[in-house]
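Colleague: After the structure tokens below, expect a handful of questions from me.
Nothing in this text is a laboratory measurement; each read-out follows from the coordinates by a stated rule. Keep in mind the model is a prediction, meaning the values are calculated, not measured. When we count neighbours, we look across all protein chains shown, and the Cβ atoms used for this are built from the backbone with ideal geometry, even at glycine.
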2 protein chains.
Amino acid sequence: MTKPHPSVELIVTNGTILTMDPAQPRIEDGAVAISEGRIVEIGPAAVFAGRPAARRIDARGGIVMPGLVNCHTHAAMTCFRGIADDLPLETWLNEHIFPAEAELDADAVYWGTLLACAEMIRSGTTCFCDMYLFEESVARAAKDACMRAVVGEVLYDFPSPNYGPIEEGFAYTRQMAARWKDDPLVSVAVEPHSPYLCGPSLLEEAARISSEAGIPLIVHVAETRAEVERSLGERGLTPVQYLAEVGALSERLLACHCVWLDERDIELLYQFGVKVAHNPESNMKLASGIAPVPEMLDAGICVGLGTDGCASNNDLDLFGEMDTAAKLHKVNTLDPTVVDAEQVLKMATCNGARALGLSAVTGSLTPGKRADLIVVDTDRPHLTPMYNPVSHLVYAARGSDVSTVVIDGKPVMEDRRLLTLDLEEIRNAVSAIARRVRRR
Amino acid sequence: MTKPHPSVELIVTNGTILTMDPAQPRIEDGAVAISEGRIVEIGPAAVFAGRPAARRIDARGGIVMPGLVNCHTHAAMTCFRGIADDLPLETWLNEHIFPAEAELDADAVYWGTLLACAEMIRSGTTCFCDMYLFEESVARAAKDACMRAVVGEVLYDFPSPNYGPIEEGFAYTRQMAARWKDDPLVSVAVEPHSPYLCGPSLLEEAARISSEAGIPLIVHVAETRAEVERSLGERGLTPVQYLAEVGALSERLLACHCVWLDERDIELLYQFGVKVAHNPESNMKLASGIAPVPEMLDAGICVGLGTDGCASNNDLDLFGEMDTAAKLHKVNTLDPTVVDAEQVLKMATCNGARALGLSAVTGSLTPGKRADLIVVDTDRPHLTPMYNPVSHLVYAARGSDVSTVVIDGKPVMEDRRLLTLDLEEIRNAVSAIARRVRRR
């Protein structure tokens, strides 16, 4: 007989447990016990029926699964959602996004990120990876929302509205990394924008900080065909080859987008253990292209899923992103068997966590990991009947089906009520930012 | 001064009115007055403030817009959602869908369609066009749900589990057309399955019935490359050319899918005033291909939007379908300006209604048309702030943001509560069907 854990804080019970852990993939009528923010035990609900616990959450027959991991976003761009669409990339950036971003400051980024956290929690995301300006504000917002986050100040060779010259950017990154080192929720990455905005010395120094601090290095790579053509023209190297040359390829590197890769690029990414963040909806909306995800998966590359910023999506709902990811590669290859539902669910959970260097922490319901989990309410017309939970999660569920969210053992949404955020306050703050943007 | 309409039944007020009628596209703080199921007046909310009405609905600052039109579905396939995915088309059909469909009868189709109606109403669809077996059950379900529907029994050259030989199929169609002729909600179409399952005499007779009764002719056309190759091999004609040869092309024809068209096909469709139902998510999931929608729109063809059956989607949410339609063609052409949000919104509303021959009835908020409208609740994190309602509807909103639905002047959902359907009863009936299917 197993001795019950003495001090169980929370039991989530009465659901189909989908762990995303191959050791024990599914329990039909199960429960998850949480103590000190960690998953301590998973088993049949009956086993936990008489077990004492400070708090119980009834999943009411829904699906209990790991919280989703958004591997690439610019959270505070909630402030600019829908400001301009359906435009050529240059027009969109130069005439709309860049002028709007001139209105940003640390305060605006804080409120925009809180709004993003509200949207992400409501749609089942428990962990996000951010790249933007004023990232100390992003860290504070994630912490206040009680969300897990990997944050990193965007670095490039021209002066930043936040830190000024690049030397200060490195200092800002090192200081953030030190400040958040032992935080249970927030961790820091080094985030040079892209091979086209970062020269060799910037990338070398960024890779050095990543290596010394043992933290992720996160870069936009090969997002558009124009970027690759320019890189070939200027350096005779693809963006991936350029990153290899400056020593930036490693298993700590998360390469975002990777839309335009050749076979050699894929081979390089695999050899160095580089992880990839796939952002299909943003790549579609900006007409960037379709990333070779089936080829990357075949090569053995770890691919996570991201929404990108919601000015180019325009939402942060990973359920929609999973649906799109599963379908896009089928039509692109004219093969309905590629990138199946199970693979996509892994991209949005365990593989996403691995891509962020957090596979010991989150991404699956595994005893010992931090308790980041969600309950999907399946008592809905569009999820009735249910032959296969994995199919429903990828092809039929929407973010709005998430009823309860627990992060680091703490309930942050219960029965669709947000517990850590004051929506009224956030809306008022972001509406004031939007008025400033509109006046511009 | 305008004389107020004497007997206003319902006023929907306090919303941004998006009419989809070029005569008066938008009213910022407006109201819609409804009498005897028709829109009688649209104007500023202040004008209607003191106006007597039997009932008022407060849109609470949300978007009031025409109900969405789903131009192509097989509603009762809700019974098979998620039964099999990620398979080659032949395996999926022969080993999963066809055996499951052997469990269908008139009763199962009735309950499966009611479940679909619940999902469609909840996600803002007020009108759907159906092709399946036992369509009299679909008509009854739509009527009971109080949804607008165009229904048609699927016709092909082999015996049907419903009507038997094709002669009986024509009789069944004629009888249905006569029975529902004056119904305010349900109308009937002639629906030969496809050029590959229907010989010339079937198609000629179907076109004759359509012409004599003045009702739509609805056919699956050029859905897969294999279909086109077989048609060229067997007849030396594309599916569209074959339909032209048998006299099936006319402005009453709704051609569903139209994925594999050549320039001459597009020209023929335009010349004959044929309408097209575009089903991007089904085409993606089944790896059928990407329809040349920008080319069809450029040619002047009326294109509506459909979800197809939810076994190949796997939902009936037109908000998701709009999002996908807008993005898919951008990435396919590498041009972010094609198929913009406004065009997609037209596809899902006024152009969808036109495609079904219902442009005098529904598809826009126009005085004189039947009152099919929805309220989209914009007081949500993912719709805050709002720079542009059209962008939000296509790129950020989800079906779950619809709070209120009025069809033919009658509220069928208010504050997310379904008013015409008993979900418990529907779920029990469909669960029993699913148990039969599972046993097989």
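Colleague: Projecting each Cα onto the charge dipole of region A:1-120 (Lys/Arg +1, Asp/Glu -1 at the beta carbon, about the Cα centre), which of A:PRO88, A:VAL32, A:ALA108 comes out farthest on the positive side?
Modeller: A:VAL32
Colleague: Assign one of three labels to chain B, namely rounded, prolate or oblate, based on the Cα gyration tensor with a ≥ b ≥ c the square roots of its eigenvalues; rounded applies when a/c is under 1.5, prolate when it is not and a/b is larger than b/c, and oblate otherwise. Intermediate results must be reported in sequence, preceding the final value.
Modeller: Working: a/c = 1.60, a/b = 1.43, b/c = 1.12.
Taking the square roots of the gyration eigenvalues as a ≥ b ≥ c, chain B is prolate.
Colleague: Same structure again: Which of A:THR384, A:THR126, A:THR113, A:THR13 comes first, and how do the rest follow, when ranked by fewest Cβ neighbours within 10 Å? Mind dumping the intermediate values first?
Modeller: Working: A:THR384 22, A:THR126 29, A:THR113 35, A:THR13 25.
Fewest-to-most ranking of A:THR384, A:THR126, A:THR113, A:THR13: A:THR384, A:THR13, A:THR126, A:THR113.
Colleague: Straight-line reach only, C-alpha to C-alpha below 14 angstrom: list the aspartates and glutamates that A:LYS346 could link to, leaving out same-chain residues fewer than 8 apart.
Modeller: A:ASP21, A:GLU321, A:ASP323
Colleague: Students often get this wrong, so check it: of A:LYS327/B:LYS410; A:LYS410/B:LYS327; B:LYS275/B:LYS330; A:LYS143/A:LYS327, which have C-alpha atoms separated by over 25 Å?
Modeller: On the way: A:LYS327/B:LYS410 37 Å; A:LYS410/B:LYS327 37 Å; B:LYS275/B:LYS330 22 Å; A:LYS143/A:LYS327 34 Å.
With Cα atoms farther than 25 Å apart: A:LYS327/B:LYS410; A:LYS410/B:LYS327; A:LYS143/A:LYS327.
Colleague: Right, another one. For peptide B:76-86, how many partner chain Cβ atoms fall within 10 Å of a residue's Cβ, on average?
Modeller: Numbers: counts 0, 0, 4, 2, 2, 11, 14, 4, 3, 13, 15.
Per residue, the number of nearby Cβ atoms from other chains is 6 on average.
Colleague: Same structure, new question: Under 5 Å between amide H atoms, partner at least 5 residues away or on a different chain: which partners does A:ASP29 have, H built in plane at 1.01 Å?
Modeller: When sequence neighbours closer than 5 places are left aside, the close amide H contacts are A:ALA45.
Colleague: Could you give the distance between the Cα centres of region B:173-201 and region B:61-109, to the whole Å?
Modeller: 19 Å
Colleague: If you rank A:TRP111, A:TRP180 by fewest surrounding Cβ atoms within 10 Å, what's the result? All intermediate terms of the calculation are to be shown ahead of the outcome.
Modeller: Details: A:TRP111 23, A:TRP180 20.
Placing the least packed residue first, the sequence is A:TRP180, A:TRP111.
Colleague: Here is a follow-up. In nm, one decimal, shortest first: how far is the label point of B:GLY199 (7 Å from Cα along Cα to beta carbon) from the matching points in the other copies?
Modeller: Label point to label point, same position, other copies: 7.7 nm.
Colleague: Taking a point 7 Å out from Cα toward Cβ as the label site, list the nm distances between A:GLU234 and the same residue in every other copy, smallest first.
Modeller: 5.6
Colleague: Also, I was wondering about something else. Roughly how far apart, in whole Å, are the Cα centres of region A:213-242 and region B:367-381?
Modeller: One Cα centre to the other: 46 Å.
Colleague: Also: Work out the mean other chain Cβ neighbour count within 10 Å for the residues of A:280-290 and drop it here as an integer. Don't skip to the end; give the middle numbers.
Modeller: Values: counts 2, 5, 1, 3, 10, 8, 5, 11, 4, 3, 3.
Taking all residues of A:280-290 together, the mean is 5.
Colleague: Would you kindly work out, in nm and rounded to one decimal, the distances from the label point of A:ARG60 to those of the same position in each other copy, ordered shortest first, with label points 7 Å along Cα-to-Cβ?
Modeller: Once sorted, the set of distances for A:ARG60 reads 1.8 nm.
Colleague: Using the count of nearby Cβ atoms within 10 Å as a rough guide to exposure, how do B:ARG230, B:ARG38 rank from fewest to most?
Modeller: Numbers: B:ARG230 14, B:ARG38 18.
Starting with the residue having the fewest Cβ neighbours, the order is B:ARG230, B:ARG38.
Colleague: Let me ask something additional. For chains B and A related by rotation, which residue of B has the Cβ nearest the axis, and what is the rounded distance in Å?
Modeller: Smallest Cβ distance to the axis, with its residue: B:SER400, 2.
Colleague: If you don't mind, another one. Within 10 Å of each Cβ in A:423-435, how many Cβ atoms from other chains are there, averaged over the peptide?
Modeller: On the way: counts 4, 0, 0, 2, 5, 0, 0, 3, 3, 1, 1, 4, 1.
Counting Cβ atoms of other protein chains within 10 Å of each residue's Cβ and averaging gives 2.
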